[in-house]
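Please treat every number below as a calculation from the coordinates, not as lab data. In this text, all values refer to a predicted model and were calculated from it rather than measured experimentally. Cβ coordinates were reconstructed from backbone atoms using ideal geometry, including for glycine residues, and neighbour counts include every protein chain displayed.
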Amino acid sequence: MLLREFRTDDLELLIDLTVRAFGPIQDGIRRQLGDELFDRQNGQWREDYRRALIELTAPDRLDRFVVADVDGEPAGYAAWTSHPDTAGLRGEVELLAVDPRHQRAGAGRALIDAACDAMRAAGCVVASVATGGDAAHTPARAAYAAAGFTSLPTVFFSRTL
C-alpha cells in the first residue's frame with residue numbers, strides 16, 4: 001500500500017468507493033430512523049457524499065487529503081481540517097473511507113496515522129473525529145480507539161417536522 005496525493009482521475013473512483021463503504025452504514029441508519037425520517041434526513045446521501053468529495057478535493061484543500069493506493073488503484077482516503085480551539089489548533093478527521101475489499105488490512109489505520117501526522121505538522125495540538133454509535137460503525141470506532149483516540153459518547157436526536 002502506498003499513501004499518495006489525490007489525482008483528478010481519482011474522483012469518480014473515490015465517490016464509488018465511498019458509496020460502497022457507507023452503504024451498509026446508511027442501511028443501518030434507515031433501520032434505526034425508519035423510512036420517513038431517513039428519507040428526509042439522509043435520503044440524498046449518495047449525492048451528499050459526491051458533493052463532499054468534490055469540496056474536499058478542491059485544489060485549495062489537497063494538502064489535507066490523502067489517498068491509500070493498492071496496486072495502482074485507490075483503496076481509501078482521509079480528509080482533515082483544523083479549527084482554532086481554547087488549547088490551540090484542533091485537527092479533525094472530516095471523512096475517512098476504505099473500500100470494503102480492503103477493510104481490515106491496515107489501510108484505515110495508515111490513513112488515520114497519516115492524517116494525524118499532517119495535523120501535527122500543521123500545528124494542531126489535538127485531533128478529533130466523530131463517528132456513529134450504532135453497530136454499523138463498530139469497525140470505525142475500533143479503528144479510532146486502536147489509533148489512540150478516546151471516545152466521548154454523545155447522542156444525536158432527529159424527528160420529522
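At a glance:
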{"read-out": "The range 6-18 - phi-based ³J(HN,Hα) in whole Hz, Karplus 6.51/-1.76/1.60, Gly and Pro as x", "value": "5, 10, 4, 6, 7, 3, 5, 5, 6, 4, 4, 4, 4"}
{"read-out": "Per-residue [θ]222 nm for the chain (sum of -39500 (n - 2.57) over DSSP H runs n ≥ 4, rounded to 500)", "value": "-13500 deg cm²/dmol"}
{"read-out": "Furthest towards positive pole of dipole, T154, L96, G132, structure part the chain, Cβ charges", "value": "T154"}
{"read-out": "Long-range amide H partners of D85 with built H, under 5 Å", "value": "R90"}
{"read-out": "Share antiparallel - DSSP beta bridges, the range 2-146, percent rounded to 5", "value": "80"}
{"read-out": "Neighbourhood net charge (9 Å Cβ-Cβ; Lys/Arg +1, Asp/Glu -1) for A127", "value": "+1"}
{"read-out": "Within-13-Å neighbourhood charge of L96 [Cβ basis; K, R +1; D, E -1]", "value": "-1"}
{"read-out": "Rounded, prolate or oblate (a/c below 1.5 giving rounded, otherwise prolate when a/b exceeds b/c) for the range 42-161 by Cα gyration tensor", "value": "rounded"}
{"read-out": "Most mobile of P84, P24, P74 in a GNM of the chain (Cα contacts under 10 Å)", "value": "P84"}
{"read-out": "Spin-label pair D48/D134, simplified geometry with 7 Å Cα→Cβ offset, distance in nm", "value": "1.1"}
{"read-out": "Dipole moment magnitude, nearest 20 debye, the chain about Cα centre, only Lys, Arg, Asp, Glu C-beta charged", "value": "480"}
